[in-house]
Structures are given as C-alpha cells and as structure tokens.
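Trainee: Structure provided below as structure tokens; questions to follow.
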Amino acid sequence: AALAEAGFLGVNLPEAYGGGGGGIVELAAVSSQTAAAGCPLLLLVVSAAISGEVISRFGSEGQKLRWLPGLADGSHKVVFAITEPGAGSNTHRLATKADRDGDDWVLTGQKYYISGFDEAAAVLVVARTGVDEATGRARLSLFVVPTDTPGLVAHPLPVAAQMPEQQFTLFFDDARVPADALIGVEGDGFRQVFHGLNPERITGAAICVGISRYALGKAADYARHRQVWDVPIGAHQGVSHPLAKAKIETSLAALMTQKAAWSHDHGLPAGEPSNMAKYAAAEAALAAVDQAIQTHGGNGMAVEYGLIPLWGMVRTLRIAPVNREMILNYVAQHALGLPRSY
C-alpha cells in the first residue's frame, strides 16, 4: 500500500492508465530496493511484472482500462497461473484447457504453486485452446479470470519457506468466462507468455540482489561490532573474505540484471541476459544469506536477527520461477550452440 501511494507499483505501466510510463528497468529498481530494505515482495514479480507487462502489450483497450489502473494504484492485483503438477518446466505439456461454448470460454484443469491468489482480483491463466496441426503441439492462449468466477476453487498449498505471499492450488471445474477474457489472439499464448517471463526472471533477480545486499549489510554490521577476543570478528579473513566474495558476486549479478532489464525495455533479445541474471542473482543471494548466517554464529538462528526466513526465500528463488538447471540448459544450447539435452 505504501509503494502504491508513493507511485512505485505502476512504474512500468503506461501513463495513460495511471502508471509511471517507465519499464522493467524501473520496476527492477523498486523490487531490488524494497528487498534491500528487508521487505522482499514476490507479487511485484507476478502482478506488476508478468500481468502488467502482458496486459499492457497484448490486452484490448477494454482490458487495459479495467485492469491496469488498479495494478498501478494498488487497488487490486492480477496473479499468474501457468505451473501444473504434470508439466513442470515443459509448457507444451500443459493440460488445463479452454473450450469455446457459444460466445464464452469454459476452463477445465488444475494449476499449482500460484502465488498470492487470496490477495488477487483476477488470475492470468495459460490454457490449451487446441493443437497446432503443423507441429502437433498445444495451442496456448491467455485468459484474465476473476478470482470469484464460479467453478474456480482455490486451496492453500502449505510450504515450509516463510514468505509474505501464500501459495495455492487452483481447480477449474467448467469455469466460464466471457469472450473478452481472452488476451489478444487465440493461440498466441506462447509468445505472450514469454513476453512476461523475461520480466519475471529480471524482477526475481532484482529481488535476489536486494536480499543479498540486505543480508550483507546485516553481516558486515555484526562483524564490525562483534568482539570475542581482542578485535572485532570482521578483522579476521575467515570472516571478511567470504563476505567480500559475496559482495563481488552480488554486484556482478546486479549488473547483469540491469543489462537484462535494459534489453527488454529497448526491444532487444532479452532471453539470454534475463536467464543469466536470474541464475547469477539467485546463486549470489543464497551464498550471501548463508554467509550472513555463518557470520552471526548461533545468533544466525535467532528469530530476532531475521536471517533464516531470507534463506528460505532465496532457496525458493533458486528453484523458481525457473530452476538453475533449465537455465544452464538454455545457455548451453542458445549461447554455446551445444546440442539440446532435454
């Protein structure tokens, strides 16, 4: 709410719909700085980056007028539903389908690990709408589905990691939406999804960079003041060198994140830098938080120091929104020209 009041939630959305007129460069800065202040917010990734970017780029004028002003002023959120139990990272295996019925679409299927559904006014759903005869692969389409749609049921999905947003499993049991729920053109969902996934990776990386900076700040402050023998523990290279290494890796990840955001905003190929940024930032953040815990010794486990919840979040971000192994597959294939391994 504070970010919305200050005008930061909609920095990447068009000014005509109440946004700041900026891009992912600006949204990444907001994501990173909030995390660096100890308040990492995953819905900046889901609602502002994915849903905001997709609706801004592919939505009809009616959809933009209905959803973008609320995303900008914080009056509502739109979350994203692509992950399924049987598909994992293979988008072509999505089973959730949308069938035409007169002027309506009827959705059937299941999604899981959907962040923040309980806080959202709508969910952006990726569904099959047929099969491409040339390739035999599913034709994908995107739909904006209000969270109170009959036939849409959500169940909390308990996770051990402590995060500000809850996770949910969604069930679509003949959930009916009107024709104007379809984003853009039927069957264009694959291209639409990837326009949103690069910003997802970039803002996820930005959050990791911010968490890393926060944890390193805490660790450095502790190491400057904690004294067991004659000097502060930060005077010992066994403490200072791992923190310095984490600082270097965090700074490098921040640079790649900025490059990826700039590439996306300028219409340049952003897949490679976005994936690299997400990989580098998640690895750097996990190392930084782990070293911050180690620097604190036993106090690293204490609730008052607040480090263990950060470890759970960055460990999650090493898996999601795309795991490190799939990023390595991508870089090996597309950057190095090696044979596809999956």
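Trainee: Any chance you could run the full-extension gain for SER341 through LEU255? It's 0.36 nm times the residue separation minus the Cα-Cα distance, nm to one decimal.
Mentor: Going from the current span to full extension adds 28.1 nm.
Trainee: Next up: Taking the convex hull of the Cα atoms, report for segment 121-190 its projected area averaged over all directions, in nm².
Mentor: Reported value for the Cα convex hull: 6.4 nm².
Trainee: Using the heavy atoms of the protein chains and a 1.4 angstrom probe, tell me the accessible area per residue for segment 191-336 in square angstrom.
Mentor: Heavy-atom SASA per residue in segment 191-336 reads 47 Å².
Trainee: Along its three principal axes, how long is the chain when you only count alpha carbons? Whole Å, largest extent first please.
Mentor: 80, 49, 38
Trainee: I need the semi-axes of the equivalent ellipsoid of segment 94-155: take the C-alpha gyration tensor, multiply each eigenvalue by 5, square-root it, list largest first in whole angstrom.
Mentor: 23, 14, 9
Trainee: If you restrict to DSSP beta bridges whose two residues both lie in the chain, what percentage is antiparallel, to the nearest 5?
Mentor: 85
Trainee: Past the 18 angstrom mark, what percentage of all C-alpha to C-alpha distances in segment 256-342 do you count?
Mentor: 54
Trainee: Is it possible to state the helix-based mean residue ellipticity at 222 nm for the chain, with each DSSP H run of 4+ residues giving -39500 (n - 2.57), the sum divided by total residues, to the nearest 500 deg cm²/dmol? What is it?
Mentor: -14000 deg cm²/dmol
Trainee: In addition: Of LYS218/LYS247; LYS247/LYS278; LYS77/LYS97; LYS111/LYS259; LYS77/LYS218, which pairs sit farther than 22 Å apart, going by alpha carbon to alpha carbon?
Mentor: LYS77/LYS97; LYS111/LYS259; LYS77/LYS218
Trainee: Further, regarding this structure: Could you check how much of the accessible area of the chain is carbon and sulfur, as a whole percent, using a 1.4 Å probe?
Mentor: Answer for the chain is 54 percent, counting heavy atoms of protein chains only.
Trainee: Restricting things to alpha carbons, find the Rg to Rh ratio for segment 191-336 using the Kirkwood radius for Rh.
Mentor: We get a ratio of 1.06 for segment 191-336.
Trainee: Something else now. Using a 10 Å cut-off on Cβ atoms, rank the peptides 206-215, 221-230, 181-190, 90-99 from the highest mean neighbour count down.
Mentor: Per-residue Cβ counts within 10 Å, averaged per peptide and sorted highest first, yield 206-215, 181-190, 90-99, 221-230.
Trainee: Could I ask something else about it? Which of the aspartates and glutamates could a cross-linker bridge to LYS245, judged by Cα under 16 Å and excluding same-chain residues fewer than eight apart?
Mentor: Here the aspartates and glutamates satisfying the reach criterion relative to LYS245 are GLU283, ASP290.
Trainee: Helix hunt in the chain: which complete DSSP H runs extend at least 27 Å axially by C-alpha with mean Kyte-Doolittle at least 0.0?
Mentor: Membrane-span-like by this rule: not one helix.
Trainee: May I pose another question? So which residue, out of ILE82, ILE114, ILE233, gets the largest mean-square fluctuation from a GNM of the chain using Cα contacts under 10 Å as springs?
Mentor: Its mean-square fluctuation being the largest, the pick is ILE233.
Trainee: Pick from ALA282, ALA292, ALA87 the residue whose mean-square fluctuation is largest in a GNM of the chain, springs joining Cα atoms under 10 Å.
Mentor: ALA87
Trainee: Considering only C-alpha atoms, what is the centroid distance from segment 138-199 to segment 212-249, in Å?
Mentor: Distance between centres, Cα-based: 43 Å.
The values are calculated or read from the model by the stated rules, or taken from the named source; none is laboratory data. Only a predicted model underlies this, so the values are computations on that prediction, with no experimental measurement involved. In this analysis, Cβ positions are derived from the backbone assuming ideal geometry, glycine residues included, and neighbour counts consider all displayed protein chains. When the accessible area is computed, the model is the full protein with side chains, heavy atoms only, and any ligands, DNA or RNA have been set aside. Shrake-Rupley method; radii C 1.70, N 1.55, O 1.52, S 1.80 Å.
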